[in-house]
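Before any comments, here is the structure.
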Amino acid sequence: MAENAGGSNAEEKGTASAMTRCYENYILVDVGANLTNKKYSRDLDSVIQRAKDAGVHPHDAKSWEEPETPQELESIASNPECVAIGECGLDYNRDFSDPDTQRSVFHKQVELACRLNKPLIIHERGAQSDVLEVLSHYTNRLPSVLIHCFTGTAEEGQIYLNEGFYLGITGYLCKDKSDSGVRQLLEGGQAPLERILVETDAPFMYPNTRASKLPSRVKDALTERSMTFLHRYCTFQRNEPCALPAIVEMVAAFMQSTPEEVALATAFSALKLFGLNQ
C-alpha cells in the first residue's frame, strides 16, 4: 500500500496488496491504502483484521535531498518485498512543492522504476500533460503504470487507457458526475475490466454510499455485508480497507456486471501487475 503523493514510497508485498477469499467468495486486492498514516497509530492490528474479515489484505517532493534520498529509496526499492515504486507523480492542485521541483523528482522516480523494472504508481491532479511528457522520455523502458485514485474526466481516462495504463478506482465514484468522469468510463464500456484496479486510498476517499449523486440502482446493488463493514468501521474522517467490497459492488453496478466478476478480474490484474502470483 502506498502513501505520500509527489513523494517516494514503495509498495510492499503483504502491505501493498494481498488477497484472501471472503465469506461471499469475493477475491479482493486493495492496491492503495496508507496504513502508515497516523490515523491508524492506535489500532492498526484491528484495521488489518477488519480488512481480512471483509475479504481484503492489506506531497513531499520538496524534502528530496541529494544524495541521501535517492540512495535510501533505491536501497528500499531493491528489496524483493517491494513490488512497486510510488505513489509518485505531479499534483498541481495542491502546490505543496513547486512544479519544477515536482517534475525533477518525478523524473528520478520514473528512472528508478525503469532501472529496477518495477511497476510505477502515479498520483496526478491537474497535471496530465506534464505527467505524459515526463513519461515520454522513457517510452522504450517504461514498466507497467497504475494511475492511482483516478478522479479525472472520461477523456483524460481514455488517454491513460490508450497508453496501456491501469486506472485505480476508489470511493470517488460516490461523488463523481455521471456525465463526465469515472462513471462514464465504466457505464459506457470505455474502461475494459482488465485495465481497472480497485483501491480504498484509506484513510482517505470514504465511499459515501448515501450520496444523493449515487444512482438508486447502484445503491440497491450494495449488500448488507459490505454496508455493515462500511458503516460500522469507516467514516469521512477515516476510511479503512474493509470498505473495498462496497467499491467493488458499485463498480459492478455501473458496469452492469457482477461483483464476483469485478473482484476476481481486478484481483487477477493486481497479482499480475505486482508479481504476487509468482
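Readers should treat all values here as calculations from the given coordinates under stated rules, not as data from a laboratory. The model shown is predicted, which means the values in this text are computed figures rather than measured ones. Here Cβ is always computed from backbone atoms with ideal geometry, including for glycine, and neighbour counts include all displayed protein chains.
Principal axis extents of the C-alpha atoms in the stretch 129-275 (largest first, rounded to whole Å): 47, 33, 29.
If the limit is 32 Å between Cα atoms, which of Lys38/Lys118; Lys118/Lys213; Lys52/Lys108; Lys108/Lys213 go over it? With Cα atoms farther than 32 Å apart: Lys118/Lys213; Lys52/Lys108; Lys108/Lys213.
Simple spin-label estimate for Glu72 and Arg232 gives 4.0 nm between the two label positions (7 Å along the Cα-to-Cβ direction from each Cα). Here the simple spin-label model places points 7 Å from the Cα toward Cβ, and for Thr36 and Arg217 these points are separated by 4.3 nm. For the stretch 80-87, the Karplus equation 6.51 cos²θ - 1.76 cosθ + 1.60, evaluated at θ = phi - 60°, returns couplings of x, 6, 7, 10, 7, 10, x, 7 Hz by residue, with Gly and Pro reported as x.
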